[in-house]
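The values are calculated or read from the model by the stated rules, or taken from the named source; none is laboratory data. Model, not experiment: these values are computed from the prediction. Cβ sites come from the backbone with ideal geometry, for glycine too, and all protein chains shown count toward neighbours.
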Amino acid sequence: MDQINYMPPPTVTVIPDPEERRQIRRKYSRTALILLLNMAIFNILGELAAVLVYAMFGDAAADPSHETVITLLSILPPILSETVSIILGAKLLGINFKRLTANRENYSGATVAKLITLCIGLQFAASIIAAVIQALLELVGLKGATPDLSATTSFTANILMSFYACILGPVLEELLYRGVLLQSMRKYNERFAIILSALIFGLMHQNYQQFILGFMLGIPLAIVTIKYDSLIPSIFTHIFVNTTGMLSTYLMQYFAPEFYDAALNGGEADISSIGGAGMAVILLTVLFRIAFLIAGIVVGIVSIVKGGNMKRPTPAGRSRGLPVLVRSVPWLIALVLYCYLAFIAPFLN
């Protein structure tokens with residue numbers, strides 16, 4: 001009988017040796033460089049788009065006849081920057097998107113429904129937190145740029161913006177942040193990867209209001225992506241959340257424009273001037289958000305009780321997360337730039 005040589009599995013030391021630390025740092029740095037590239041392409045193309053709009057239309061840029069072209073130029077920078085980053089991320093980091101989009105056996109429609117419920121509840125909670133912070137900032141004379149997703153007078157422009165915000169944007173963002181970023185980091189410390197991907201997802205919106213929402217949504221989206229090893233639940237949830245947000249915005253703008261303008265610009269609305277249809281839209285929107293907030297709290301508590309929260313990292317995982325990342329120069333640069341664009345730049349305009 002042939003002798004079988006048993007080879008014990010390689011052991012993982014709590015503290016990585018210098019060679020392993022260099023390998024991990026190299027992979028972290030590649031991920032950070034992809035994020036820096038995404039940031040650079042987005043902001044450079046955004047500035048070029050603004051220059052192009054001024055060159056084409058000058059002071060007449062606000063003319064409704066130009067809204068379709070301006071909308072197209074505004075959505076091209078994120079589309080191009082995220083597409084390039086996803087392609088490079090797949091190549092440089094070996095992300096298997098086929099597996100992440102084909103795996104549909106471990107979750108059900110109920111899984112997606114629970115995630116949608118939780119995320120819409122968090123969306124309302126984030127809007128309340130953002131409103132409180134905005135009010136506090138205004139007390140000390142600070143007012144940052146407010147994201148404006150208002151409908152235009154152009155039907156074509158509205159279709160373009162809705163398609164990007166409700167479908168294409170969520171798909172690209174999931175592929176980049178729950179795909180490239182999360183998958184490249186999860187091998188060493190899943191909890192660290194979840195928090196970091198949510199942090200960057202929030203920061204990439206480049207304003208504090210959407211940072212709050214992005215960070216809060218990023219955590220459950222990342223947890224479910226890792227748990228079921230699939231991007232499909234997070235993609236569907238992201239699409240649904242953005243769609244309900246856009247729909248409520250359009251309905252509010254159309255039926256209660258005074259209330260919408262006041263909410264957008266921080267002013268006071270004359271309730272007596274709002275018609276019956278407007279009051280109905282406001283009431284239904286508030287009830288919808290409150291219902292999902294309560295349901296989201298219930299779903300969140302049940303998930304935590306059942307152990308659906310983030311796994312506790314091992315000592316080996318902890319030593320391969322933040323301690324290695326803080327020694328990556330590209331990551332330090334990326335974090336500083338993202339924080340500047342989200343928390344400082346909006347107040348300089």
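Residue 227 fulfils the conditions (1) touching a residue at least 24 places away in the same chain (Cβ under 8 Å); (2) touching a helix residue (DSSP H, G or I) at 6+ places or on another chain (Cβ under 8 Å); (3) not in a loop (DSSP other than H, G, I, E, B) except for a single criterion, (2).
Which residue is farthest from residue 343 (Cα to Cα), if the candidates are limited to segment 144-198 and must be assigned to a helix (DSSP H, G or I) and β-branched (Val, Ile, Thr)? Ranking the candidates gives 156 first. With respect to the conditions (1) in contact with a Ser or Thr (Cβ under 8 Å, 6 or more places away or on another chain); (2) outside any loop (DSSP other than H, G, I, E, B); (3) under 15 Å from residue 231 (Cβ atoms); (4) of a type in the set (Val, Ile, Thr), residue 95 lacks only one, and its number is (2). Look at residue 118 and say whether it is free of Cβ contacts under 8 Å to residues at least 40 places away in the same chain, aliphatic (A, V, I, L, M) and in a helix (DSSP H, G or I). No: the conditions fail for residue 118.
Say whether the condition of being surrounded by 10 or more Cβ atoms within 10 Å (Cβ to Cβ), in contact with an Asp or Glu (Cβ under 8 Å, 6 or more places away or on another chain), at pLDDT below 95 and not basic (Lys, Arg) is met by at least one residue in segment 47-59. For segment 47-59, residues surrounded by 10 or more Cβ atoms within 10 Å (Cβ to Cβ), in contact with an Asp or Glu (Cβ under 8 Å, 6 or more places away or on another chain), at pLDDT below 95 and not basic (Lys, Arg): present. Within the option set 290, 294, being loosely packed, with under 14 Cβ neighbours inside 10 Å, in contact with a Gly (Cβ under 9 Å, 6 or more places away or on another chain) and part of a helix (DSSP H, G or I) holds for one residue only, 294.
Considering the conditions (1) within 22 Å of the chain's Cα centre (by Cα); (2) closer than 30 Å to residue 291 by Cα, residue 86 is excluded by exactly one of them, (2).
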